[in-house]
1. Go through the stretch 102-143 and count every residue that is among the β-branched types (Val, Ile, Thr) and buried (at least 18 other Cβ atoms within 10 Å of the Cβ).
2. Which residue is nearest to the chain's Cα centre (by Cα), if the candidates are limited to the stretch 49-75 and must be open to solvent by 50 Å² or more (accessible area, probe 1.4 Å) and within 20 Å of Leu27 (Cβ to Cβ)?
3. Check every one of the strands (runs of 3 or more DSSP E) wholly within the stretch 99-170 and list those with 3 or more residues that are within 30 Å of Gly83 (Cβ to Cβ) and not hydroxyl-bearing (Ser, Thr, Tyr).
4. For the stretch 144-170, how many residues are open to solvent by 60 Å² or more (accessible area, probe 1.4 Å) and either in contact with an Asp or Glu (Cβ under 7 Å, 6 or more places away or on another chain) or of a type in the set (Phe, Trp, Tyr) (or both)?
Amino acid sequence: MKLATMLALGVAVLAPLGSAFAADDTLKVEKPIRVLAGIFNASNGANKSRTALGIGYDFSKSAATNPTVYGVYVDYNSKKTAGVTTSLTGVGVSGRFYLESANAAGKPYALVGLGSYTLKSGASQSKLGGKLGIGYELNNGWLGEIDYTTVQKIGGVDAGGTNIRLGYRF
């Protein structure tokens, strides 16, 4: 993904965050902690399929019928091949845009995130990255997510890929 596209993605995520803190129409998130586990399929490289974990904390929710939830996340994926562990860790801010009413038993959503991603395979290097995806969440806390992570090339390597994860909110 080109830098200009990532910056536009960042503006799309960060602009509403600023107004969310200033607005009176934000609500407390009732189950703010999200834990996810699944697989990460890298775009290229020898370690394509990796174990993927994620944790997030939601700090604000709009009062709209179809709410927007803002939070922070840490995504991690790793695989050991031939004695070398390759991992990608992302830390950033995110927004989830619900497509159904907050009162619905199940709610589909779109998500966007922007953060710093560190690729480690022997040495480590960090770059700006982001993610776009969709998910489905049940009122009992269970959820499923698919997102595409894109990172500026690190040492000529495309470190991005697709996360497919199941999770729980509490």
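1. The initial filter retains those residues of the stretch 102-143 that are among the β-branched types (Val, Ile, Thr), namely 112, 118, 134.
From what's left, buried (at least 18 other Cβ atoms within 10 Å of the Cβ): 112, 118.
The qualifying residues number 2.
2. Per the stated criteria, the residue is Val72.
3. Working: elements: 106-121, 123-138, 142-151, 161-169.
Those strands (runs of 3 or more DSSP E) span 106-121, 123-138, 161-169.
4. The total comes to 3.
The values are calculated or read from the model by the stated rules, or taken from the named source; none is laboratory data. Owing to the predicted nature of the structure, the values given are computational and were not obtained by experimental measurement. Every residue, glycine among them, receives a Cβ derived from its backbone with ideal geometry; neighbour counts consider all protein chains shown. Each accessible area value is taken on the protein alone, full model and side chains, heavy atoms only, with ligands, DNA and RNA left out. Shrake-Rupley method; radii C 1.70, N 1.55, O 1.52, S 1.80 Å.
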